[in-house]
Each structure stands twice: as structure tokens, then as C-alpha cells.
């Protein structure tokens, strides 16, 4: 078995790996307070030096009284920075006035310093020149404001990764996909649209984007010249067969699927129709049209599935294996398994950002929930790379680095917005939703990972047989029952689990 610690140990491609920029400035609350204190101490020191710059040196009496003021300045600036942060909280009435929080906090700092200098410490032993008492708060407040602005710029999802970013290997993909007719299902979704954009870089003969989302296809066509579009439902087997026989695609990327666990859990009929029957219709149409390769997008939720969405994707993976056994030798079928996609519609990052902008709370299912993450561009790049692999079809998994705790991801987002987790934005634990797991897996106990020629793509080698005929018969039988309305909603998960157990020979030796 390939150890996960080996992930990222090999180069991503033959060319040197491209690393992401260092994580942007996102200090923890105590770090921000420490920086405020340093800014206050430095500001009063600098203001004193400026006051006596013409004299060439600070008089000894002022140098002596400066030492306690350095400590006072640090404390005052920590309080000033705290006021800035509170006024910039999303629920504050000043949150949408970008300058007001800083101006108010600066004026408050000036008032406090004036009272301290002219009322409480007016004796000559303590009193500072008025120039210092005015300039110091202005300098320190400007530094505190800069710290918060530096941590509150717009966020790029790549900044959330703590590993190298994968880029498209155009040379390798061009050799395999260049000049080919490409068809992409689910092309109006995040992954499908990114596949359509990236595949143009390898100069294919034609790219056809297929989806039922008319608006999404219209926007894709406007944003990506050179991509043709077609409205079609992957679950409509007749429509798929007609489309494939007419277009004769050579390489198909099947990204159309329902992916949101709670929604598929509540609507298993449609989850089965799109994720299972849609995959079957696309693969059979591709074989009938003489396609060279079909790549089905899967998910790590298909490993030991606890959700109905995961069950449907597991059946889809097994169908790829089953159809590979009976397909003509000219058609290679494979499935690619990967984890959560940062920045895609409905993913955790946009959801957390909306909650942060609304003032919280940010909702997390469980403090120990962990997921594998990659960006939309990375996912598309590695899917294209898997299609360029010259080996036979089967099941592949993309290298996504180490798991990330969702709570840590949320805290990093809060800090990148210039706020403090738990203080400015509250965290609320909601509990795992139906079908969710604390941690996802890349492969099951009866599977092992084997290296491929591409360092970021691993082959999943099963230690079980798949009875392809029984699987396809079981899927069609369940579809017939579904259309006859003889399947109740609670029955779907059990029926798919029984089907999976029936068609897979656990712990069987795989022939060479």
C-alpha cells in the first residue's frame, strides 16, 4: 500500500513543480495585539526623535521620561487596535464605511493621550511635548490600520492551500488530447466549466459543452470562445446516444452529477437518475459511438459511503469497471476520485465567506471534521492529466495532499478578512448532517494505491472482482422499479448497498 506520507514527495510532473505564494498575512488575535503594542512603542519613540531632530539629540530628561511612556504607548495602542477591530465587525454600523472605524479609533487615541499627558501626567517629570503627544497617536494608529487592511484584502482560494499548487501540464496533455473532439457533460458546473476552459490550451479539434443549465451554458459560451454548447440531460439515454452518434466525440469528460450530500439524501430518486443512470447512459453512448476514452468524475465520498450521494458515485465507479470488461478494446473507461473543491459553487469557502460578511456565526458541523481540498483549476488540470495517461482504464485518485480541519480553514478565512475567530466572528457547531462523515478516505481497505507515470495521479488497484453483468442488470432492475413507482424514498440506500455487496467479490485475488 502506498503511504500517504509519500504524497507530494515526488515531482508533480516532468517539469519543476510550481509552488503557490506564501500564505498571506493573517495574524492570530494575540499576534495582532503584540504588533499593535510594538507600533505604539515605536511611534512614541519616533515622535520624540522627530521633535528633537533639529537639536541633534534627545535631552537626557526627556530620554528618561520616554521609557515609561513606551510601555504606556503600547497599552494605549492595543486598546486603540481593539476599538478599530470592533468597529469593523460585520454587525457594526460602521462596517460598511471603510475609513470611519480608523478615524474614530484614531480620534479616541488622541483624546486618551491628551488626557494622560495634560491631566494625569502634567508634572514636568512625566509631561511630553505636545508635538509628541499629537504625532505619536497618528503614527501608531496609521500602523494599526495598515495591519488590519493588509489582512482584509480579497481572498484567492490558492492562499488557503499549504502545499504546492498543481498547474496544467500543457505539453503532456497536448500530446494525448490535441486535435481530438472533446465532449464535457455538466459543463455549466464549476468543474465542467473549468475543464472546458483548460482543455482549449491543448488545442483540441472541437469542444462540446453539454448541460441542462441553459443560463450556465450561455455564460460559458460568452466567457469561453471556441466552446460549442448543447442542452441535453445525461439521464436521457436516447438523447445521449443520438448526440454521441452525431458528434462522434473521441474523449468524454463526464462531470454531470448531483454532488451536495444533504440534497441528494433528501432526493434519492433524482440522485439515482443523474449519478447512476446518467453515468450509464453516457458510457454506453460513448462505447456505441466508438469513443477513445471516457473519464468519469467521482469523489472520495464513494469510499465506504455513508451518504446516498456516495453510494451513487460508488455504483458509478463500479459501472465503469463493469463496462470496461465488456466494452470494445478501442474504448478506455476510467473514473477519477478526488475530494472537496475550494471555490466551487456551494462549497465550504463561499459559504463561510458569506457567513463572515454577515457577521457570523460561521457554522461548522464538528470541530474534528476534516476534508481533502483542492482548487477548481487543480481538479480540472489533474483530470486532464489522467486522461493523458497511456495506461488502461480503471479507477484513479488525485493527490490532494494532507487532510485539512474545516475549523482551521474557517479560522484562517476569518483572519484573512482582518477579524478574530471566536471574538469578532463566533463559531457555531451544528453537528454532522445525514450522510456526512468526520473524515473522508482516498481508498477502501480492499483497495491499494499504485503509482503511475504522473506523480499526482495514483491508480486504485482493487482486491475484489466486479460482476459486471449482475451490476448492470441490478441497475436496470432498480430503474424499472423506480419508474413503476415501486420504490419508497427510505428504500434507496439499502437497495444500492445490497447491490454493491452482491456484485463485488470481497478480498478476491485480482488476476494480473
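The values are calculated or read from the model by the stated rules, or taken from the named source; none is laboratory data. All figures in this text were calculated on a predicted structure; none of them were measured in a lab. Here the Cβ is made from the backbone with ideal geometry for all residues, glycine too, and neighbour counts use every protein chain on show.
Overview of results
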item: Condition met for residue 121 (outside the structural domain of residue 416 (by TED's automatic domain parsing), surrounded by 15 or more Cβ atoms within 10 Å (Cβ to Cβ), more than 37 Å from the chain's Cα centre (by Cα) and without any contact (Cβ under 8 Å) to a residue 24 or more places away in the chain); result: yes
item: Residue 487 being over 22 Å from residue 298 (Cβ atoms) and either in contact with a helix residue (DSSP H, G or I) (Cβ under 7 Å, 6 or more places away or on another chain) or touching a residue at least 12 places away in the same chain (Cβ under 8 Å) (or both); result: yes
item: Residue count, segment 353-391 (criterion: over 30 Å from residue 200 (Cβ atoms), in contact (Cβ under 8 Å) with a residue 24 or more places away in the chain and out of contact with any strand residue (DSSP E or B) (no Cβ under 9 Å at 6 or more places or on another chain)); result: 2
item: Considering residues of segment 438-461 that are in contact with a helix residue (DSSP H, G or I) (Cβ under 8 Å, 6 or more places away or on another chain) and part of a loop (DSSP other than H, G, I, E, B) only, the residue farthest from residue 307 (Cα to Cα); result: 454
item: Complete set of residues in segment 66-95 that are surrounded by fewer than 16 Cβ atoms within 10 Å (Cβ to Cβ) and under 23 Å from residue 125 (Cα atoms); result: 67, 68, 71, 75
item: 1 or more residues buried (at least 20 other Cβ atoms within 10 Å of the Cβ), within 16 Å of the chain's Cα centre (by Cα) and at positive phi: qualifying helices (runs of 4 or more DSSP H) within segment 278-382; result: none
item: Qualifying residue in segment 99-114 (condition: under 30 Å from residue 362 (Cβ atoms) and modelled with pLDDT under 85); result: yes
item: Residue check for residue 246: over 25 Å from residue 301 (Cβ atoms) and without any contact (Cβ under 8 Å) to a residue 40 or more places away in the chain; result: yes
item: Meets criteria (under 25 Å from the mean Cα position of the chain (by Cα), closer than 16 Å to residue 297 by Cβ and in contact (Cβ under 8 Å) with a residue 60 or more places away in the chain) for residue 182; result: no
item: Test: residue in segment 462-476 that is at pLDDT below 90 and under 16 Å from residue 312 (Cβ atoms); result: no
